[in-house]
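Contents: one structure, followed by commentary.
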Amino acid sequence: MATVFKSADKAAAFKAKLDMWGRRVDVGVFDMFPSLSGILGEAQPAPSLRQLVRNHLFQHLNEFERYFPTTKDPRTGKEWIRDPFVNKSSSLSVQEEEQLLEIANDGGLKTVFDASSNLTAFWIKVKAEYPSIATKALKTLLPFPTSYLCESGFSAVTATKSKLRSRLDIRSTLRVSLSSISPRWDRLVAGKQAQASH
């Protein structure tokens, strides 16, 4: 199951790879790029090629940092969600911290945690006994990353706009298209005045 933690882990790992690849390119090693490495063969790459590849990797790293800034890492301060038996947090309320301490010292829950296949399942099991801390953990875990809303927005724009209607202001139309709330047609129709005859 995809969670914010898994996505943040993958983004951090990719940023670390880009940094490592940049350091390797600086010393002339291109084995992480099999196609380029095959073309170069045993030949030593020109300094201009090394600089070009290094700049390209640096630009990718900057873009990833822009989209996934280290300063806004969703894992920061929430390590207790991953392992409530080791990590403590000072950003919790007194009640939540007490519940976390009770969880951390419960041997039965430790067994459940070790046997659990994912974090969400563990926190759902814990919710009945420790509702405050479990709710906080689930609110962090459940907003899974998805591009569904973005894709449905693009589809709504494509369906709304055409060559003839390209100057249409689509804010209101998009709001209605993307909303999960269905309109109350009877109320909308009742609010409109009928056209008076001439």
(request) Run GLU151 past the list (1) free of Cβ contacts under 8 Å to residues at least 12 places away in the same chain; (2) among the charged types (D, E, K, R); (3) over 30 Å from LEU178 (Cα atoms) and report the number of the one that doesn't hold. (result) (3)
(request) Please work out which one of (1) in the same structural domain as LYS136 (by TED's automatic domain parsing); (2) without any contact (Cβ under 8 Å) to a residue 12 or more places away in the chain; (3) surrounded by 14 or more Cβ atoms within 10 Å (Cβ to Cβ) is the condition ARG24 fails and give its number. (result) (1)
(request) Scan the stretch 120-137 for residues that are farther than 13 Å from PRO84 by Cα and of a type in the set (D, E, K, R) and jot them down. (result) LYS125, LYS127, GLU129
(message) Here are the criteria: (1) at positive phi; (2) assigned to a helix (DSSP H, G or I). Tell me which single one GLY38 does not satisfy.
(response) (1)
(request) Would you mind listing the helices (runs of 4 or more DSSP H) fully within the stretch 63-119 where at least 1 residues are without any contact (Cβ under 8 Å) to a residue 40 or more places away in the chain and exposed (fewer than 14 other Cβ atoms within 10 Å of the Cβ)? (result) 94-104, 107-115
(request) Could you tell me whether any residue of the stretch 52-69 is under 24 Å from TRP21 (Cβ atoms), over 23 Å from the mean Cα position of the chain (by Cα), charged (D, E, K, R) and at pLDDT 85 or above? (result) yes
(message) Could you tell me how many of the residues in the stretch 1-35 are farther than 30 Å from LEU138 by Cβ, touching a helix residue (DSSP H, G or I) at 6+ places or on another chain (Cβ under 8 Å) and assigned to a helix (DSSP H, G or I)?
(response) 6
(request) Evaluate the following for LEU18: is it out of contact with any His (no Cβ under 9 Å at 6 or more places or on another chain) and not β-branched (Val, Ile, Thr)? (result) no
(message) Going residue by residue through the stretch 76-97, is there one that turns out to be over 22 Å from ASN118 (Cβ atoms), more than 26 Å from the chain's Cα centre (by Cα) and modelled with pLDDT of 90 or more?
(response) no
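The values are calculated or read from the model by the stated rules, or taken from the named source; none is laboratory data. Remember, predicted model here, so these are calculated numbers, not experimental data. All Cβ positions, even for glycine, are placed from backbone atoms using ideal geometry, and neighbour counts span all protein chains on display.
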